[in-house]
Amino acid sequence: MVAVACAPPPGLDGFETAEVEVGESALTVAIAETTSQRSQGLRGVEKLPAGLDGMLFVFEETRIASFGMRDTSIPLDIWWFDSEGMLIDSTEMEPCPRSPCPVYPSPGEVAWALETPMGQEEFVSGAVLTVAHGQD
């Protein structure tokens, strides 16, 4: 489970934030760990609030995960992590203003998925995801 702390970021009511590391990169992310939060994701968010680098989706059990971009304005990279926190792949996802929208499945079973603005990060395959500490 991911340790989280602090108030929700502006525009993302109900989401806590945490600091995570992927390899050598430190990021501040919103955490989507409930079914409702994972379903909402970054839908309707026009731009990430200042100081927020992305959103981390936390799954109770490893699974094949699928993501869509309906009503999402920000082009995103999604980074797929296995149960050990190891980066196994990434996918570029384009905004989709109306249905039908493409579905972006994970390349295998994942425990975490990290969305960041497209082109913002360049993680190396095999990089490990860790939680550094919660934000104040």
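The values are calculated or read from the model by the stated rules, or taken from the named source; none is laboratory data. Note that the coordinates shown come from a computational prediction; the quantities given were computed from them, not determined experimentally. All Cβ positions, even for glycine, are placed from backbone atoms using ideal geometry, and neighbour counts span all protein chains on display.
What the table shows:
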{"quantity": "Output for the stretch 53-75, where each listed residue is more than 18 Å from Pro95 (Cβ to Cβ) and either assigned to a loop (DSSP other than H, G, I, E, B) or more than 13 Å from the chain's Cα centre (by Cα) (or both)", "calculated": "Asp53, Glu60, Glu61, Thr62, Arg63, Ile64, Ala65"}
{"quantity": "Selection count where residues are at negative phi, in contact with a Ser or Thr (Cβ under 8 Å, 6 or more places away or on another chain) and in contact (Cβ under 8 Å) with a residue 40 or more places away in the chain, scope the stretch 41-53", "calculated": "3"}
{"quantity": "Cβ pairs under 6 Å, 6+ apart, first in the stretch 94-112 and more than 10 Å from Met69 (Cα to Cα), second at pLDDT 95 or above and among the basic types (Lys, Arg)", "calculated": "Glu109/Arg63"}
{"quantity": "Residue tally, condition assigned to a loop (DSSP other than H, G, I, E, B) and either modelled with pLDDT of 95 or more or within 12 Å of the chain's Cα centre (by Cα) (or both), over the stretch 24-39", "calculated": "1"}
{"quantity": "Subset of the stretch 101-121 (residues that are more than 13 Å from Asp53 (Cα to Cα) and surrounded by fewer than 16 Cβ atoms within 10 Å (Cβ to Cβ))", "calculated": "Pro102, Val103, Pro105, Pro107, Gly108, Glu109"}
{"quantity": "Given (1) surrounded by fewer than 14 Cβ atoms within 10 Å (Cβ to Cβ); (2) within 21 Å of Glu33 (Cβ to Cβ); (3) free of Cβ contacts under 8 Å to residues at least 40 places away in the same chain, index of the condition Thr72 fails", "calculated": "(1)"}
{"quantity": "Scope the stretch 24-55; condition aliphatic (A, V, I, L, M) and surrounded by 13 or more Cβ atoms within 10 Å (Cβ to Cβ); matching residues", "calculated": "Leu27, Val29, Ala30, Ile31, Ala32, Leu42, Val45, Leu48, Leu52, Met55"}
